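Worksheet: the structure to be examined is printed underneath.
We did not get these values from a lab; they are worked out from the coordinates using the rules stated. Every value quoted in this text rests on a predicted model; they were computed, and no experiment measured them. We place every Cβ from the backbone using ideal geometry, glycine too, and count neighbours over all the protein chains shown.
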């Protein structure tokens, strides 16, 4: 690390030369501007300690990493990062204060609570702990929004184009390396996952925004017409906003999920009150600051930091016309009652994968094993689309699939965050569930099954090896075992079983009995087998074919559950229209009364 520091100071590796004796100050690719050289000297002097600090052990101590930190600092001076409140590369000092956002202003709360770094347990953020007594201005703001929305096809129509332009500007910002990496690092600090996974989340947001740039927002709100019974009569169908809405977002994708849903709500003409998971809400505070920078109307979105009970009270008193909730099924059902059904839900998914018989398994084994590993353990299994249960045909088992999956899983490491903290379960939670499974006759640990060691992850979170537990199919489907085998553990944990061709009905009966129907995968090169499975299942986002997975969830197709009238989607035009608008029909009837018309008798 110190050698890297010396190389940085003495060479032109990042376009920077500092000679203190001659005061020769040159920057070839950035303008340090008003930050001044004193601040830059201080930054360079601190680099060795930054690199060797225990709290930065997950950042590679290389010249590239040093250069990256310096570029982030200097680009801030150039204006690319002039909107930020949180520096994700700073790992010590006082916790950064977060704020509520109300009616276009950043406002504090009377009390705060500390959010700890999930890798070290040290206080990292100081979040407003908004109380019920402080909700009145948020409630008034909600109630002040008309049911007809901030714009609709008859009023303030220029806002459709405005949000197309805002989307373009936001996407352009995310094409700047400094801005993209800022958000990727913010994600990594609060929801630790690999750099590849973090960058991919930002990329999905960027492409989504590009998809809805230009005229695409008004195309999204396109209606239709149907001719009437006579000249001058015509029915016109419109996508109509709800007006005041609420968005409750989870921790696992702290940028992607809230941004895609937030922008969809705004496109359709709604006002949004945003509440994110406390441990990751910093990311969306940073996003709102970027939105304001590019010209988004600051009064279109309120953001509140608070606990679940306070948020529930806000929904009861504010009465949003629709609430989008992404999170656990238990909370979803409670909010469905609290909101009197005015809710759209993307709740937890116990997601299954069926590996059917395939010709020439040997040529597919490596890819299928890798896909299973990614589906189950990427982002430490904390995806609502993560592979929760694997039904593998005996041909795959005999070919060594489980062993290959174990080999790949053992490559995951806390050092590069390909395995990381489990934010919604403790280590004890996972161990207890594993012990219950192992009491089932024939159950065994295929790989993993132990807590991580040599870390500083706080006890309030989980730290567990990528784990697979095998349960025989005939035991899994028994009523006394089924609920245990299909309990979702939102972490690096899956159940595996095996089936023979004459047991397909048992597998399909199991999928029918599951209560969550978010994602699924059907892997087979036999069209009849594949179509038979697809024809009797309901998962809203189902991947089928030799390259099928459960965790696609990009911006180019619908992602959401099925089989529930409250089901919400994300990412696609159909999802936005379903969640954030309702249908309104207006029948124009301007035709003249026919000449010689005679009033009929009442009917």
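Considering only DSSP beta bridges where both residues belong to the stretch 352-556, give the percentage that are antiparallel (nearest 5).
20 percent
How much length, in nm to one decimal, is gained on full extension between residue 97 and residue 299, taken as 0.36 nm per residue of separation minus their Cα-Cα distance?
Stretched fully, the residue 97-residue 299 segment lengthens by 70.6 nm.
Sorting check: for 265-277, 427-439, 397-409, 342-354, which peptide has the highest mean count of neighbouring beta carbons within 10 Å, and how do the rest follow?
Ranking the peptides 265-277, 427-439, 397-409, 342-354 by packing returns 265-277, 342-354, 397-409, 427-439.
Which parts of the stretch 572-600 would a label at residue 227 reach, counting a residue when its backbone N lies under 17 Å from a point 7 Å out along Cα-to-Cβ?
588-592
Taking only C-alpha pairs under 8 Å that are 6+ residues apart, what is the relative contact order of the chain in percent?
It comes to 14 percent, rounded to a whole number.
For residue 82 paired with residue 317, estimate the spin-label separation in nm (one decimal), with each label point 7 Å from Cα along the Cα-to-Cβ line.
3.9 nm
Does the stretch 121-200 classify as rounded, prolate or oblate by the C-alpha gyration tensor (a ≥ b ≥ c root eigenvalues; a/c under 1.5 gives rounded; else a/b over b/c gives prolate, otherwise oblate)?
oblate
Which FRET efficiency, nearest 0.05, do residue 410 and residue 436 yield, Cβ-Cβ r, R0 22 Å?
For residue 410 and residue 436, the calculated efficiency is 0.35.
So how do 240-246, 568-574, 523-529 stack up, highest first, on mean other-Cβ count within 10 Å?
So the order, starting with the most tightly packed, is 240-246, 568-574, 523-529.
For the stretch 341-416, what does the alpha-carbon gyration tensor say about shape, rounded, prolate or oblate, given a ≥ b ≥ c as the root eigenvalues, a/c under 1.5 as rounded, and a/b over b/c as prolate?
Since a/c reaches 1.5 but b/c is at least a/b, the shape of the stretch 341-416 is classed as oblate.
Just to be sure I understand: of the beta bridges DSSP finds with both ends in the chain, what percent are antiparallel, rounded to 5?
Percent antiparallel among DSSP bridges in the chain is about 40.
Can you tell me the FRET efficiency between residue 444 and residue 140 if r is taken as the Cβ-Cβ distance and R0 is 60 Å, rounded to the nearest 0.05?
Efficiency computed from Cβ-Cβ geometry: 0.55.
Which shape class, rounded, prolate or oblate, goes with the stretch 218-374 when its Cα gyration tensor gives a ≥ b ≥ c as root eigenvalues, a/c under 1.5 marks rounded, and past that a/b bigger than b/c marks prolate?
oblate
Where in the stretch 478-510 does the amide nitrogen come within less than 13 Å of the point 7 Å from the Cα of residue 394, taken along Cα to Cβ?
Label zone hits: 498-504.
Helix-only mean residue ellipticity at 222 nm, the chain, DSSP H runs n ≥ 4 weighted -39,500 (n - 2.57), per residue, nearest 500. What is it?
-11500 deg cm²/dmol
Calculated FRET efficiency, residue 501 and residue 165, Cβ-Cβ r, R0 56 Å, to nearest 0.05?
Efficiency for this residue pair is about 0.50.
Using label points projected 7 Å from each Cα along Cα→Cβ, tell me how many nm separate residue 531 and residue 460, to one decimal.
Placing both labels 7 Å beyond Cα along the Cβ direction yields 5.4 nm.
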